[in-house]
Amino acid sequence: MKILILNGPNLNLLGTREPDVYGHDTLDDLATGLREAFPAHDLSFFQSNHEGQLIDRLHAAPEEGVDAIVFNPGAFTHTSVALRDAVAAIMVPVIEVHLSNVHAREAFRQKSLIAPVCVGQITGLGMTGYHLAVRYFSDLS
Ligand code: DQA
């Protein structure tokens, strides 16, 4: 199964960014852990701080043969109609993941524009959330 792990703005700073909120693991640690846990799957990883690049990557997913997407849209979760529309436009299932529990934080983080067009949302479980999302898709295959 071909699964894209897509990460949005500021997630390139994982490891040093607010470690009390997001932990000490880096995006490279995430990729290593997922590849070790799911060797049978074709996992690809993309991070961007730019909304348009994330949209382009979502649009490209069907023609690239991507079967499923695990997406942490970062702060765009709470603001981006364009990313929501891109998720809704493609026939590839998406799970929204957040490291922190967005529902236990500031009011502006408690609204996701993207979750309603996703299969589901996993929030507050740290990097385990990405593993659970891949496990969900894996169990479907
Ligand atoms: C986040 C939560 C967002 O509110 C925040 O803007 C992020 C990270 C998370 O993974 O907990 O950048 O998506």
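We did not get these values from a lab; they are worked out from the coordinates using the rules stated. Because the structure is predicted, anything quoted here is derived from the model rather than measured. Counting neighbours? That spans all protein chains shown, and the Cβs are built from the backbone with ideal geometry, glycine included.
Restricting attention to the range 4-53 and to residues that are among the polar types (S, T, N, Q), over 20 Å from Ser80 (Cβ atoms) and within 16 Å of the ligand (Cβ to nearest atom), the residue that is nearest to the chain's Cα centre (by Cα) turns out to be Thr26.
When Val70 is tested against the conditions (1) within 23 Å of Tyr136 (Cα to Cα); (2) in contact with a strand residue (DSSP E or B) (Cβ under 7 Å, 6 or more places away or on another chain); (3) in a helix (DSSP H, G or I), the lone failure is (3). For the range 109-136, a residue qualifies if it is more than 16 Å from Leu43 (Cα to Cα) and in a loop (DSSP other than H, G, I, E, B), and the qualifying residues are Gln110, Lys111, Ser112, Leu113, Ile114, Cys118, Val119, Gly124, Leu125, Gly126. Are any residues in the range 54-77 within 16 Å of the ligand (Cβ to nearest atom) and either under 12 Å from Ile5 (Cα atoms) or surrounded by fewer than 17 Cβ atoms within 10 Å (Cβ to Cβ) (or both), and if so, which ones? The answer is Leu54, Ile69, Val70, Phe71, Asn72, Pro73, Ala75. Of all residue pairs spaced 6 or more apart or on separate chains, those with beta-carbon atoms under 9 Å, a first member in the range 76-87 that is without any contact (Cβ under 8 Å) to a residue 12 or more places away in the chain and a second member that is β-branched (Val, Ile, Thr) are Asp85/Ile55; Asp85/Val117. The residue of the range 78-92 that is surrounded by the fewest Cβ atoms within 10 Å (Cβ to Cβ), among those that are in contact with a helix residue (DSSP H, G or I) (Cβ under 7 Å, 6 or more places away or on another chain) and over 18 Å from Ser48 (Cα atoms), is Ala88. Every listed requirement among (1) surrounded by 13 or more Cβ atoms within 10 Å (Cβ to Cβ); (2) more than 14 Å from Gly126 (Cα to Cα) is met by Leu30 save one, (2).
Consider Ser100 carefully, then state whether it is within 12 Å of Thr123 (Cβ to Cβ), touching a residue at least 12 places away in the same chain (Cβ under 8 Å) and not charged (D, E, K, R).
On the way: within 12 Å of Thr123 (Cβ to Cβ): yes; touching a residue at least 12 places away in the same chain (Cβ under 8 Å): yes; not charged (D, E, K, R): yes.
Here the answer is yes, as Ser100 does meet what is asked.
Criterion first (surrounded by fewer than 13 Cβ atoms within 10 Å (Cβ to Cβ), among the small types (Gly, Ala, Ser) and within 16 Å of the ligand (Cβ to nearest atom)) does Ala115 satisfy it? No: the conditions fail for Ala115.
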